Amino acid sequence: VSVPLTGEHWVDAWVVALFPPAWVAALAVGRTYEHRFVGNGSEEYKRLFHTSVAFLAVIGTLAYAFNLQLTRGVVVVGLPLAMLLSLVGHWVARQILHAARGRGRCMQRVVVVGLERSVAELIRSVRREPHAGLHISAVCIDRPRGDSVEGVPVLGDSDHVLEVLREV
C-alpha cells in the first residue's frame with residue numbers, strides 16, 4: 001500500500017503511519033519535554049535541534065543498512081518540516097506559558113534557604129522574572145530579623161527545611 005505525494009514520488013503507508021509516533025518518541029528520548037527546561041532558557045530548543053539531527057541520522061542509517069527506499073521527500077522535506085513545526089510549536093507553547101505565568105498561574109512553589117540578605121536578593125530577582133515560573137512560598141533562615149523577608153514568611157531555619165517543605 002502506497003500513499004501518493006507529489007509528482008512521481010511515493011512513500012509507503014507504513015512510513016507515513018510510523019513517522020509521527022517515532023518523532024514524538026525521539027523527542028521524549030532526547031529529553032525535550034523535561035519539566036525543568038520547558039519554558040526557560042535555550043536548553044529546550046537546543047535539545048529539540050540536537051534530537052532532530054540525531055533522528056535524521058538514525059533514519060538515514062537505518063534506510064541505508066536495510067536498503068529501504070525512502071524518498072527524498074521524507075528525508076529532505078519531512079524531517080526538516082517536523083523539526084521546524086516542533087520549534088514553532090514549542091515557541092507558541094512557551095509564549096502561552098509565559099502569559100499564564102505573568103498572571104500568576106502555572107508557577108512552581110519554592111522554599112528558599114540561605115542567609116537573609118541573599119534570600120532577599122533572590123526573592124527580588126525572582127519577582128522581576130515571573131516567566132521563570134517560580135513562586136517563593138516560604139523561606140528558611142538562621143537568626144532572622146523578622147517574621148518575613150520581602151513579604152515572604154519565614155517558616156523555619158536551616159535545621160527545619162524538611163518540615164517546612166512538607167508544610168508548604
Contact order normalised by residue count of region 43-138, Cα under 8 Å, 6+ apart, percent
25
Dipole magnitude of the chain, debye to nearest 20 (Cβ charges: Lys/Arg +1, Asp/Glu -1, about Cα centre):
380
Surface accessible to a 1.4 Å probe, SER158 within the full protein complex, Å²:
60
Residue farthest toward the positive end of the dipole of the chain, with Cβ of Lys/Arg at +1 and Asp/Glu at -1: which of VAL119, ALA17, ALA99?
ALA99
Any residue on another chain or 5+ positions along whose placed amide H is under 5 Å from the amide H of ASP157 is listed here as ILE141
Using the charge dipole of the chain (Lys, Arg: +1 at Cβ; Asp, Glu: -1 at Cβ; taken about the Cα centre), state which of SER137, VAL76, LEU155 has its Cα farthest towards the positive end.
VAL76
Options (i) 153; (ii) 133; (iii) 111 for volume of the Cα convex hull per residue in Å³; the value derived from the coordinates is listed as (i)
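For the chain, what does -39500 (n - 2.57) per DSSP helix run (n ≥ 4), summed and divided by total residues, give at 222 nm, in deg cm²/dmol to the nearest 500?
On the way: 5 runs with 84 residues, N = 168.
Rounded to the nearest 500, it is -16500 deg cm²/dmol.
Can you pull out the chymotrypsin sites (Phe, Trp or Tyr not before Pro) in region 59-168 whose DSSP state is coil and whose Cβ has at most 12 other Cβ atoms within 10 Å? Can you show the working numbers first?
Details: sites: TYR64, PHE66, TRP91; in loops: PHE66.
Sites meeting the loop and neighbour criteria: PHE66.
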Please compute the contact order of the chain in relative form: average sequence separation of alpha-carbon pairs under 8 Å and at least six residues apart, divided by the residue count, as a percent.
15
Solvent-accessible area per residue for the chain at a 1.4 Å probe radius, Å²?
67
Search the structure for amide H atoms under 5 Å from the amide H of VAL149, placed 1.01 Å from N in the peptide plane, and list their residues when 5 or more places away or on another chain.
VAL154
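The values are calculated or read from the model by the stated rules, or taken from the named source; none is laboratory data. Small disclaimer: the values here were computed from a predicted structure and weren't measured. Neighbour counts run over all protein chains shown; Cβ positions are idealised from the backbone, glycine included. The area values use the complete protein model at the heavy-atom level, side chains included, leaving out ligands, DNA and RNA. Shrake-Rupley method; radii C 1.70, N 1.55, O 1.52, S 1.80 Å.
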